[in-house]
Amino acid sequence: MDIVVCIKQVPEEIVINKKTGTLIRDNVRATINPCDKNAIELAVSLKERHNAKITLVSMGPSDAEKALTYGLAMGADQAVLLCDKAFAGSDTLATALVLSTAIKKIKHFDLILCGKETIDSGTQQVGPQIAHYLKISQVTSVIDLSVKGKKIHATRELRDEFETLEAKLPVLVTVNKGMNKPRLPTYLDIYEASNKDLFIWSAKDIKVNKDQIGLNGSPTKIGNLFQPEKKRRCIMLKGSTSDVANSLLDHLRSKELI
Amino acid sequence: MKNIDKYRGVLVFIKKEQDTFVKNNLGLISLGRVIADELETKLSAILAGDSLGDLPDKLRSYGVDIVYTVDNPMLKRYSTFYYQKIVCDLLKESNPEIVLFCSDDVGMDLAPRVACEFQTGLSAHCMELKTDKKSRQLLQICPYFDHMATILTNTRPQIATIQVGAKKDLIRKDNRKGKIIDVVPDFENQNVKILSVHKKEISDQEKIEEADVIVAVGRGMKNIQLAEELATTLSGVIGATQAVTDADLLSESHMIGQTGKVVQPKLYIACGISGAGQHIVGMQDSGTIVAINTDENAPIFKIADYGIVGDASKVISEILKILKN
């Protein structure tokens with residue numbers, strides 16, 4: 001079985017430039033997006049039970065090699081970094097095009113795993129869009145998965161219920177954070193990871209149409225960032241802790257809220 | 001940009017659940033109606049499900065100009081494949097300029113594939129929509145960390161998933177004599193089948209959308225137990241920011257915001273919450289908002305009715321002391 005896991009390198013901590021409102025990525029330690037680690041863990045645990053080859057794919061700057069190396073240390077077999085200035089500024093549609101085009105180049109895929117959402121944008125869109133580009137089914141928000149021959153059984157966690165589906169391979173699955181406990185690689189794992197293949201592919205390598213990628217090839221644009229309007233006139237309560245507590249309770253009582 | 005003028009109208013995606021509409025879907029109709037009025041165009045709805053009964057008529061009375069109904073046993077439960085097919089087929093016929101989904105389990109699974117099929121933009125978890133009448137551009141306003149971002153789509157249709165509040169069913173009953181058009185789907189075999197469904201056991205404490213009082217905690221609230229105590233004292237429930245549920249201090253069912261729940265209690269007490277856009281989107285429509293935070297410049301104060309600059313644990317502890325006497 002060939003498993004492809006799509007991962008994203010994200011800042012370890014969300015630090016915002018207060019003036020511009022944009023995410024600070026420089027000098028902030030980077031890590032694998034949390035639920036992408038769950039996706040890698042799932043792949044590695046499937047490999048332990050079935051005969052499987054795991055390929056990691058990520059689009060990002062050259063620094064994202066670190067995230068891929070970590071995934072290799074967790075137990076993946078090879079990794080592909082999609083790295084090209086032409087990819088910069090891609091929205092979800094353009095990102096999904098780049099990733100799916102690379103997966104087509106990898107050629108063999110039975111199961112594609114993605115984290116459900118990233119902590120730095122959180123759209124949940126890239127997984128389903130990769131599936132659509134590859135013309136395969138998808139199962140989103142998965143918390144449990146087993147492989148039964150040429151099919152999977154996957155349980156989705158929805159708002160009010162758990163839904164278990166059977167899906168034929170190939171299929172793309174997005175996994176929830178906390179579905180499993182990602183293993184911590186040992187020093188030996190990390191050493192061995194450095195000997196595994198990590199390919200770096202450009203836009204030219206995957207033959208993706210340059211009009212459909214990057215900032216200019218993306219149908220959505222982020223306009224100006226702005227501070228939320230001041231929607232209410234906030235009455236600031238002042239004084240000692242006891243003063244403010246009493247004053248607040250008086251206000252709430254007068255409004256019959258407590 | 002290719003032939004934008006052939007796209008007209010606003011379309012909302014509505015699904016049946018049990019004998020009524022999916023929670024929050026009616027809020028989407030209200031929003032769609034406002035946008036359609038601004039652009040002086042028609043609002044249509046696609047209503048999918050099994051045994052739709054009088055639901056299409058209800059949609060007409062809520063101000064929908066054209067109700068496309070797809071009534072089929074295969075649509076009883078949501079499936080990506082069938083729903084994608086009916087929505088895409090309908091969009092190809094009707095060419096709306098704007099398509100709106102709720103950002104719920106179904107919308108988040110379905111909208112990305114629809115946008116991909118039409119090679120168009122999709123913005124996630126919008127909290128507000130505006131229009132530019134001249135360009136007919138939809139301004140999709142989404143939380144972006146501490147700020148808000150306006151997303152613009154340069155292709156058509158412009159598709160968005162919307163965080164609609166739990167109680168935001170502001171339906172304008174104007175008895176438009178809208179049209180109902182029955183659509184007969186043409187289904188192929190799908191590769192996914194449902195094996196079983198289990199209802200979640202949800203305790204009253206976890207039904208935070210229904211609560212009148214919510215005491216919510218953020219990273220700045222060191223003593224969550226105190227907040228729980230206050231919630232119990234006020235017959236309310238406890239809520240949390242994503243930072244708190246991510247740290248496993250409270251279960252995800254308490255998470256409020258962009259990727260969590262949208263709540264609208266009568267009283268919302270925000271303890272140690274700075275007020276990042278992702279959280280605000282989930283609680284800004286609460287009745288009365290109290291904010292307690294050490295940073296006087298925290299954005300939460302901009303949307304609060306009462307503000308206290310201080311350590312939330314100390315203030316809550318004091319409030320409990322007073323309430324006990």
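Data for the structure
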read-out: Scattering curve values for the range A:132-236, log₁₀ I(q)/I(0), Debye with Cα scatterers, q = 0.16, 0.18 Å⁻¹; value: -1.08, -1.08
read-out: Helical contribution to [θ] at 222 nm, DSSP H n ≥ 4, -39,500 (n - 2.57), averaged over chain A, rounded to 500; value: -8500 deg cm²/dmol
read-out: The range B:103-147: projected area of the alpha-carbon convex hull, averaged over directions, in nm²; value: 4.1
read-out: Gyration tensor verdict on the protein assembly as shown (Cα atoms; rounded if a/c is under 1.5, prolate if a/b is larger than b/c, oblate otherwise); value: oblate
read-out: In the range B:1-90, the GluC sites (Glu not before Pro) that fall in loop regions by DSSP, at most 13 other Cβ within 10 Å; value: B:Glu40
read-out: Qualifying trypsin sites (Lys or Arg not before Pro) in the range B:100-150, DSSP loop, other Cβ atoms within 10 Å at most 15; value: B:Lys133, B:Lys134
read-out: Two-decimal log10 I(q)/I(0) for the range B:15-107, as the Debye equation yields it once each C-alpha is a single scatterer, q = 0.23, 0.25 Å⁻¹; value: -1.39, -1.61
read-out: GNM top mover of B:Lys193, B:Lys314, B:Lys42 - chain B, alpha-carbon springs below 10 Å; value: B:Lys193
read-out: Footprinting exposure proxy for B:Phe145, B:Phe187, B:Phe301 (fewest neighbouring C-beta atoms within 10 Å first); value: B:Phe187, B:Phe145, B:Phe301
read-out: 10 Å Cβ neighbours from other chains, averaged over peptide A:129-139; value: 4
read-out: For chain B: Kirkwood Rh in Å [reciprocal of mean 1/r, alpha carbons]; value: 21.1
read-out: The range B:15-77 versus the range A:122-161: alpha-carbon centroid distance in Å; value: 27
read-out: Cβ-placed point charges (K, R +1; D, E -1), dipole of the range B:4-182 about Cα centre in debye, nearest 20; value: 320
read-out: Net dipole in debye of the protein assembly as shown [+1 Lys, Arg Cβ; -1 Asp, Glu Cβ; about Cα centre; nearest 20]; value: 1100
read-out: Gyration tensor (Cα) of the range B:204-324, equivalent ellipsoid semi-axes in angstrom; value: 18, 16, 14
read-out: Rg to Rh quotient for the range B:4-182, alpha carbon positions, Kirkwood Rh; value: 0.93
read-out: Value at 222 nm in deg cm²/dmol, rounded to 500, when DSSP H runs of n ≥ 4 in chain B each add -39,500 (n - 2.57); value: -7500 deg cm²/dmol
read-out: Overall dimensions of the range A:22-88 as given by Cα atoms, namely Rg and Dmax in Å; value: 13.3, 44
read-out: Chain B: angle of helix B:105-117 to the longest principal axis, Cα-based, in degrees nearest 10; value: 50
read-out: Helix axis angle, B:25-38 relative to chain B longest principal axis, alpha carbon, degrees; value: 70
read-out: Cα-centred dipole magnitude for the range A:2-212, charges only on beta-carbon of K, R (+1) and D, E (-1), debye, nearest 20; value: 400
read-out: Reciprocal mean inverse distance between Cα atoms of the range B:213-254 - Kirkwood radius, Å; value: 10.0
read-out: Signed unit charges on C-beta, dipole axis of chain A, positive-most listed residue A:Ile106, A:Leu249, A:Tyr187; value: A:Leu249
read-out: Kirkwood hydrodynamic radius of chain A, Cα pairs, Å; value: 20.3
read-out: Acute angle (nearest 10 degrees) that the helix A:34-49 long axis makes with the longest principal axis of chain A, alpha-carbon atoms; value: 30
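Any read-out appearing in this document is the output of simple, stated calculations on the displayed coordinates, not a laboratory observation. Just so it is clear, the model here is predicted, and its values are computed rather than measured. FYI the Cβ positions are ideal-geometry reconstructions off the backbone, even for glycines, and counts take in every protein chain you see.
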